[in-house]
Amino acid sequence: MLRLPTDTRNPGRTMLDIPSRVRVHVETLLAAQNDMGVCDAFEQYAPVGKPDAMNAPHPPKVAGIDSTVPSPAHTVAPAHAASGTSAVPPPNAPGVLLQDRLAGWVSDLTTLHELTERLARTDALPEALQELLRAGAALVGARRGLVVLEPTDGLGPDTTIGLGLARADLGHMETVPRSSLSYGRILDGLPGCDGEIAQPDLFAEDGLDPRHREVAARLGYAASYALPLSTRTAGRLGAAVWLYDEPAEPSERRRHLVGLYVRYAAEHLARLLEVERTRACMRTMAEELLPSRLPRMAGVQLAARHRTGPRGGGDWYDALPLPDAALGLAVGSVTGSGPSAVAAMGRLRASLRAYAVMEGEDPVAVLSDLELLLRLTEPARSATALFAYCEPALRKITLAGAGHTPPLLIGERRTEYVETSVSAPLGMLACWEAPSVELTAEAGETVLLYTDGLLHRTGDPTDRAFARLHSAAAGVPRALRRDPDAVVDHVLRTVLPDGRDRADSEEDVVLLAARFE
């Protein structure tokens, strides 16, 4: 707390006494104040001498909207209260002015700290854009706004997110020529539009585009304030604009605060943008290495679902026609994640297809060859796999698994796991060997193959995860059992509810269903 005692040696002087823990160099603080750009607003603050008013800054209302910039409750007492006397110092006393300036400086720093902390906690691009809009609206005193993400390198992603604007409102704004919109001029890189653009009174502007005038009247905004989103390394990422219901523009203090915030936000968005691009690249790679479509064969219907993590994983599936009207079904998982795991998955799947064509009627031989290849070419990696040789006309299935989860048989009269022998994953032993299993499906029954990522994403222990999967399969409504796509969707949503099937996770998920007619 600041105290303003009187110098006993010079009764006419007032001495600034600051405890050692908070003692600062006054000239340095004032220079920092000027650099923050907040001193210009101090003359508008309420006088400190009022006993019922805080000495914190109170920014004026903008366009009839109450300011949403947080006003922290300061603990600095008025100067006369601190000194213990009843005398009220003059409003322009040096100590009072410095005290107000310090309070305003701390207020602005606290506000920026809180807003940037909230932004730093966002780890997804849409969430960060929404937080940017909310914080910017609070800093400039607006109620609505939108941010347009449109990186200049053309690599995307391109998106538009609104605050207080419905999708139809954003559609109306897209009908306005970009050269008439402040953020449109920023995005197009027009001369003189590389900084802030304030339009304090749209309807008073000469030469305003008629369509812009019509849309502004329709949506009920009369002023706007736009800022570019750019960094030195990534260049221009997009632009943000906030809309006022009445003619208005932010004060110099508000402009400086939002400028500092947006510079930090742009750096954060650039990092999230790179993460999003990496995820999209990994998803594309994984999808390209998986079947583009499932084969159509008489006597069997197929459906598959694949969910990959943000870094890309090694879970895969395959379905390929074989000689003698047979069908090969396979699922598997390669250890690790990232580009190396995705590449290994692609090589393993391609090799299994070749072995299946040559000796698919013997699943044990197929997996033995695959294990030998994996051990010779990638000795530091292991994998699980399951291969099934299906004869749709007979509804006969011969399968073998290497450390993989057992298939699930779903029918009208039974829902049960297929009894498979316990075996090690590929690449774990000097020579892999396991017996095959034969089963015959009844008409209308579905064989569900899946990877262990489905169980791991539940977060339950293994036995409870298996029980959850069995319950989900047994609970498939009778009306859906004729459609394997409906079956896998029901199982996926039931085992992983509340969007966990699509949420980011280190675990990939694969489901492959074959319904026999």
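The residues of segment 405-436 include none that are more than 41 Å from the chain's Cα centre (by Cα) and part of a strand (DSSP E or B).
Counting the residues of segment 495-511 that are of a type in the set (A, V, I, L, M, F, W, C) and more than 15 Å from A472 (Cα to Cα) gives 3.
So H256 clears everything in (1) under 30 Å from T110 (Cα atoms); (2) surrounded by fewer than 16 Cβ atoms within 10 Å (Cβ to Cβ) except one condition, right? Which one? Of (1) under 30 Å from T110 (Cα atoms); (2) surrounded by fewer than 16 Cβ atoms within 10 Å (Cβ to Cβ), only one is false for H256: (2). The single condition among (1) within 33 Å of the chain's Cα centre (by Cα); (2) within 27 Å of L327 (Cβ to Cβ) that L439 does not satisfy is (1).
For the criterion of being assigned to a loop (DSSP other than H, G, I, E, B) and surrounded by fewer than 21 Cβ atoms within 10 Å (Cβ to Cβ), L439 fails. Considering T458, T451, T494, which residue is within 25 Å of P363 (Cα to Cα) and under 28 Å from the mean Cα position of the chain (by Cα)? None of the other options fit; the residue is T451. Selection over segment 445-482 of residues that are surrounded by 15 or more Cβ atoms within 10 Å (Cβ to Cβ) and under 23 Å from K396 (Cβ atoms) gives a count of 8. Screening T233 against (1) under 26 Å from H113 (Cα atoms); (2) at pLDDT below 95; (3) not small (G, A, S); (4) not in a loop (DSSP other than H, G, I, E, B) leaves a single unmet condition, (4).
The set of residues in segment 259-273 that are under 12 Å from the mean Cα position of the chain (by Cα) and surrounded by fewer than 16 Cβ atoms within 10 Å (Cβ to Cβ) contains only R271. A single member of D504, D463 is in the same structural domain as T420 (by TED's automatic domain parsing), out of contact with any strand residue (DSSP E or B) (no Cβ under 6 Å at 6 or more places or on another chain) and within 27 Å of L125 (Cβ to Cβ), and it is D504.
Candidates in segment 155-184 are the residues that are touching a helix residue (DSSP H, G or I) at 6+ places or on another chain (Cβ under 6 Å) and charged (D, E, K, R); of these, the one that is modelled with the highest pLDDT is D169.
Here's the yes/no breakdown for (1) polar (S, T, N, Q); (2) in contact (Cβ under 8 Å) with a residue 24 or more places away in the chain; (3) surrounded by 19 or more Cβ atoms within 10 Å (Cβ to Cβ):
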| site | (1), (2), (3) |
| --- | --- |
| G136 | no, yes, yes |
| L139 | no, yes, yes |
| A166 | no, no, no |
| G171 | no, no, no |
| G207 | no, no, no |
| E214 | no, no, no |
| A226 | no, yes, yes |
| T231 | yes, yes, no |
| A240 | no, yes, yes |
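Got a sec? Which of T122, T116, T152 is in a loop (DSSP other than H, G, I, E, B), in contact with a His (Cβ under 9 Å, 6 or more places away or on another chain), β-branched (V, I, T) and modelled with pLDDT of 90 or more? Being in a loop (DSSP other than H, G, I, E, B), in contact with a His (Cβ under 9 Å, 6 or more places away or on another chain), β-branched (V, I, T) and modelled with pLDDT of 90 or more holds for just one of T122, T116, T152, which is T122.
In the set (1) of a type in the set (S, T, N, Q); (2) more than 17 Å from T494 (Cβ to Cβ); (3) touching a residue at least 60 places away in the same chain (Cβ under 8 Å), the condition left unmet by T446 is number (2). Annotation note: Cβ proximity below 6 Å between a residue of segment 320-338 that is touching a residue at least 60 places away in the same chain (Cβ under 8 Å) and a residue that is β-branched (V, I, T) and not in a strand (DSSP E or B) (sequence gap 6+ or interchain) occurs for V331/T451; S333/T451.
Screening segment 369-404 for residues that are of a type in the set (D, E) and under 26 Å from V342 (Cβ atoms) and picking the one that is farthest from the chain's Cα centre (by Cα) gives D369.
Residues are listed down the side, and each one gets a yes or a no for (1) touching a Leu at 6+ places or on another chain (Cβ under 8 Å); (2) of a type in the set (V, I, T); (3) closer than 22 Å to G171 by Cβ; (4) part of a helix (DSSP H, G or I):
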residue: T111; (1), (2), (3), (4): yes, yes, no, yes
residue: E131; (1), (2), (3), (4): yes, no, no, yes
residue: L139; (1), (2), (3), (4): yes, no, no, yes
residue: A142; (1), (2), (3), (4): yes, no, yes, no
residue: L146; (1), (2), (3), (4): yes, no, yes, no
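The values are calculated or read from the model by the stated rules, or taken from the named source; none is laboratory data. The shown structure was predicted, so the numbers you read here are calculated from the model rather than taken from an experiment. When we count neighbours, we look across all protein chains shown, and the Cβ atoms used for this are built from the backbone with ideal geometry, even at glycine.
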